[in-house]
1. Relative to the longest principal axis of the chain, what angle (0 to 90°, nearest 10) does the C-alpha long axis of helix 76-93 take?
2. So what is the 222 nm mean residue ellipticity for the chain from helices alone, if each DSSP H run of at least 4 adds -39500 (n - 2.57) and you divide by all residues, rounding to the nearest 500 deg cm²/dmol?
3. Nothing charged except the Cβ atoms of Lys and Arg (+1) and of Asp and Glu (-1): what's the magnitude of the dipole of the chain about its Cα centre? Round to the nearest 20 debye.
4. Does anyone have the angle between helix 44-55 and the longest principal axis of the chain? Alpha-carbon axes, 0 to 90°, nearest 10?
5. Evaluate the Debye formula for the chain with equal point scatterers sitting on the alpha carbons, no solvent, and hand back log10 of I(q)/I(0) at q = 0.06, 0.07, 0.14 Å⁻¹, in q order, two decimals.
6. Restrict the search to the stretch 269-325; then list the GluC sites (Glu not before Pro) that DSSP places in a loop and that have at most 10 other Cβ atoms within 10 Å of their Cβ.
7. For the stretch 2-270, rounded, prolate or oblate, judged on the Cα gyration tensor with a ≥ b ≥ c (square roots of eigenvalues), a/c < 1.5 rounded, else prolate if a/b > b/c?
8. From a point 7 Å beyond the Cα of A442 in the direction of its Cβ, which residues of the stretch 202-239 have a backbone N at a distance under 11 Å?
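Derivation of every value follows stated rules applied to the coordinates shown; laboratory data play no part. Being a predicted model, the structure only gives us computed values, none of them experimental. As a convention, Cβ positions derive from the backbone with ideal geometry for all residues, glycine included, and neighbour counts pool all protein chains shown.
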Amino acid sequence: MKVMIAGLATETNTFSPIPTGMHAFQEGFFDRESTKRAPGFFSAPLHEWNRLAQERGWEVIESLCTFAQPGGVTTRSTYETLRDEILDDLKRAAPDILLLSLHGAMIAEGYEDCEGDILKKARDILGESGVIGVEIDLHTHLTDDMMQAADIIVAFKEYPHIDTAERAVEVFELAAATAEGSIKPVMRDFDCQMVAMYQTPREPMKSFVADMQAREGQHTILSLSLIHGFPWGDCARVGTRMLAISDGDVEAADQTAAEFGQRLQSLRDYFKADWPDIPEALNYASRSEKFPVVLADFADNAGAGAPADSTFVLKEVLRLGLKDVGIAIFWDPGAVMMAREAGIGALLRVRLGGKVDVASGQPIDIAVTVRNIQEYMTQPLGAANIKMGTGVWLEMDGVHMIVSDHRTQAFHPDCFEKLGLDIDTLKIVVVKSSQHFYAGFAPRASEVVYIKGAGAVTPNYASIPYKLKSTAYWPRDDIGFET
Ligand SMILES: [Zn+2]
């Protein structure tokens, strides 16, 4: 057998003003021999595929693997260039199996469904006899084009995405069994008519994930994926869908997708994001008797395309006069440059944050001490080691700000501690992240509190100004679910 492996991923926030061009991919991750490097977020599956194929003595052709930090719409030329590089390799390689690591919520100028487009073109090249297996982020807009072109689609099950490697093994095994003729996968999905975010380390999602896994391998069910959807990508298919793959059994795939999809609908009250606003969250945390309390600034998550330079929380921390507070990670290359020039220990006037978009609020003028500077920082998440760029620790009167020149979210306490700031010495730790912070920070936190604040990815799902979504959804519309 001959297997070709490749990756192309970004998550597009169509409301973000940050363009996603070639530089964003080169800055993010860009390699034609990605399995020779440490695993990145979307390259981790390629490591598994390469290893499993080698174990079987199969030939592996490695094409481009690249991904960009989520931002605004990808430019047409960038998408077409990257897509065509992979498709040209596919034409030359003519493999039995194509395995792709895609995001599922990539939108480019002229392409509302990049994954559907690349999969359709790959199918045209490969013909009906070739097998196409895909691993996607669960924050996907699952489309008919994707399902028709691919044989196998498996999404991450965990949010935070700590299971990319495990899901890659499943994609490989299902694709291999298909190529060997021992299974005939059929995929069916169920539209949950919901737009929300679902945190899998907590109930009720923890049991939902466990039950999906328990059902896999039962009767004819091969794989189940809850496609959470990505609320800030305006397109016709935005929303949550349940995907089932069965072995040749259309009815079982249909019924199982509907069963799990309806179960999610019945749990909808858990997903209202009924959280405290910024003053409520800060006041609550400051009154806690156990520290550190971790506050998630959900709305300024770079991983969902936000600028990561909003100042709403910092402004309130200063207004309340709170101390022993750490906030990470502000994206402010200008402030990083100034701190570098001034050096460690220097006093500096900075105009921090609030630069990219009106959704970031106003910049804040403060006098800070440069406590530390580190180049080439990284943060771990699952099997991946994620780039953080140059990190700077700025302090003003017990308020500690971690600033970076590379736009990324706070994944792990390393973003503080590699700079020398132990989070156990803080009362309040604010992370600009919706959920990926959870794996690293929750074990160290006295409590985790999500903030319903202003910002580019505010969790007011009912008020996202969609132009392209024409179907009704909870929580905006009164749907009258059966459950
Ligand atoms: Zn995701």
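1. 40 degrees
2. Calculated at 222 nm, the ellipticity per residue is -8500 deg cm²/dmol.
3. 1160 debye
4. 40 degrees
5. -0.26, -0.36, -1.35
6. The qualifying sites are E289.
7. oblate
8. Those under the cut-off are 202-207.
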